[in-house]
Amino acid sequence: MGMGKDHRQRLRPAARGICILTAWFGLWALAPVAPALAAGMEKCLDSLQAREAVLVSAPSGQAVAARNEALGCVPASTLKILTAFAAIHEMGLDYRFPTDAFLDRSGNLIIKGCGDPLLTSESLAQFARRLAGQVSEFNDLVLDDTYFDEHIRISGRGGSTNPYDAPVGALCANFNTVCVRRDGQGRLVSAEPETPLIPFAREKVRTLGVREGRVTFTHERSEATYYAGHLLEYFLEAEGCRMRGTVRRGPVPKGAEPVLRFDSPFTLETVLQRMLEFSNNFVANQVFIAMGARRYGAPGTVSKGVRIMEDVASKVLRLEGLQVAEGSGLSRENRVTPLQMIRILDAFAPYRGLLRKKPGMLFKTGTLSGVRNLAGYLQGQTGGYYAFAVFLGPSGARLDGIMDCIREGLP
C-alpha cells in the first residue's frame, strides 16, 4: 500500500532528530537537585538494564531521578497521552463526533460516518429514534464510509479476535466488536441487553467458533461498515421506520438532501477518558485518523494523523524527534524518550484527571511483549505532583518495586 511507504519515509528524519532534542532539552530536565534527594533516588534505579530508562521531574522542573533519559524507547500505550493532548488541541474537550443522514431522489437513506469512536448500540438507538421522527420509510440504506481511506493499515495491529486488534473505520459500531455468551441451551446470544445479536454478526461469530466474550469478528472494512448498518436498520425498524430495499455501501450522491446531523451523546472529554482508562486501541486510532481528516480533509489516513502528531509536538510542545507511526501505541516503530514524555506530561497537566487513578498517582500503562512502561504523575508528601516516565524492557516485573521506591523518596 502506497500510504505505508510514505509513512515509513516520514519516520526516518524524525529518528535523526533525537540527538538535537537531547542537546536542547537536556539542560532543562537535568537542573541540579539536592544531593541528599538525588542520592536517595539513585538506589531506586540500581536494577535498571542498559536499554531501560527513567525520568522523574519535580513540580519546579528539576530532575529528581534520571537514567537514560535521552534514550528513544517504545512507548506502547503511554503514547495515548500524546494522542489525547493532540486531540484536545485540535478539537477541544466539548467536540462531539457527527454522523449525518441524507435522502436522495430515489428515496434511499444515506448514512455518512465521520469516525465516531463511541457509536455504541445506545447511540445508534438514539440516532434511529431521531431519524424515525423525520423519515417513516425509505428504499435502500446506503452506508458512506469514505471519510476514512479504504486501505488504512495500522502498524502493530494484528489479525486476532482480541478487541485490541479491532480495525478502524469511518462508520463503526460497538468498537467493531460483539460480546456474546451461550444460553442454557448452548445457543449463541448477546451478552449485552442493549445490543441485539443480529443475524449478520451471529454468522460471523459462529464461523470463528467463539463461545463467549467480546471479540473482533471481522477485519474487513466493508463488513465492519455493514455491521453498523444492519444494527441501525434493526433500531430503525424498532422505531417503526421501514426499509423497503437492502443495506449497501456507497457515497452520498450529488443532490441528496440533508435530513439529520446526529452529534454523539459523548463529548471528546468522555471519549478520551474512556480511551485512557481502558487503553482502547480502537478509540485511540479512530481519534488519530479523524484528527487528520478534520484538518487536512477526507479521506483520513495514517500519514495525515502522523502529520497532526508531529505538528502538535513541534509547534505546541516545542519537541522534535518524536517517532510516531500510529496513535494507540501498538506499533514498535513509535519512539519517545523520557525527556519527551515529561514534556508531554507537563503540557497535559491541566487534563491529568482524565488518566486512571490510584491513591497518590494518576497514570497510563504501556505494555507490549518485552515492554512494560508507566507514565503519569506521583503526588509528593507536600501535595505537589511529580511527572514521571518509566520505560522498562523484558524485566518489567520490577516496575512496582521501582515505583514504590521512587514514591517513598519524594518530599
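Quick note: the coordinates plus some simple rules give every number you see, no bench work behind them. What you see is a predicted model; the values in this text were computed from it and never measured. No Cβ is skipped: glycine too gets one built from the backbone with ideal geometry, and neighbour counts run over all protein chains shown.
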With unit charges on the beta carbons (Lys and Arg positive, Asp and Glu negative) and the dipole taken about the Cα centre of segment 98-266, which residue among Ser190, Gly133, Pro251 sits farthest to the positive side? Ser190
Could you work out how far the C-alpha centroid of segment 371-411 sits from that of segment 149-197, in angstrom? 34 Å
Let me spell out the model: positive unit charges on the Cβ of Lys and Arg, negative unit charges on the Cβ of Asp and Glu, origin at the Cα centre of the chain. What dipole size does that give, in debye rounded to 20? 660 debye
Once every DSSP H run of n ≥ 4 in the chain is given -39500 (n - 2.57) and the sum is divided by its residues, what mean residue ellipticity at 222 nm do you get, rounded to the nearest 500 deg cm²/dmol? -11000 deg cm²/dmol
Show me the three semi-axes of the equivalent ellipsoid for the chain, from the C-alpha gyration tensor (sqrt of 5 times each eigenvalue), largest first, rounded to whole Å. 43, 22, 18
So which lysines can Lys112 reach, going by Cα to Cα under 26 Å and dropping same-chain residues fewer than 8 places off? Lys204, Lys254, Lys304
Please build a GNM for the chain, connecting alpha carbons under 10 Å apart, and tell me which residue among Cys114, Cys241, Cys172 fluctuates the most. Cys241
Please identify every one of the trypsin sites (Lys or Arg not before Pro) in segment 75-169 that sits in a loop by DSSP and has no more than 11 other beta carbons within 10 Å of its own beta carbon. Arg105
If you fit an axis through the alpha-carbon atoms of helix 2-16 and take the longest principal axis of the Cα set of the chain, what angle between them do you get, 0 to 90°, nearest 10? 10 degrees
Using a 10 Å cut-off around each Cβ, can you sort Ser331, Ser303 from fewest to most neighbouring Cβ atoms? Ser303, Ser331
Straight-line reach only, C-alpha to C-alpha below 28 angstrom: list the lysines that Lys358 could link to, leaving out same-chain residues fewer than 8 apart. Lys43, Lys80
Within the chain, what is the longest stretch that has no GluC sites (Glu not before Pro) placed in a DSSP loop and near at most 13 other beta-carbon atoms within 10 Å? 221-411
Select from segment 303-366 those trypsin sites (Lys or Arg not before Pro) which occupy a DSSP coil region and have at most 13 other Cβ atoms within 10 Å, ordered by residue number. Arg318
How are the Cα pair distances of segment 98-266 distributed, in percent, across 10 Å bins from 0? 10, 40, 34, 14, 2, 0
Anyone know which of Pro251, Pro350, Pro75 comes out most mobile in the 10 Å Cα GNM of the chain? Pro350
In degrees, nearest 10, the alpha-carbon axis of helix 338-348 is tilted away from the dominant principal axis of the alpha carbons of the chain by 60 degrees
Between Gln381, Gln286, Gln62, which gets the highest mean-square fluctuation from a Gaussian network model of the chain, Cα cutoff 10 Å? Gln381
Selected from Gln49, Phe97, Cys114, residue furthest toward positive end of dipole (the chain; charges at beta carbon): Gln49
To the nearest 10 degrees, the tilt of helix 199-208 (Cα long axis) against the first principal axis of the alpha carbons of the chain is 50 degrees
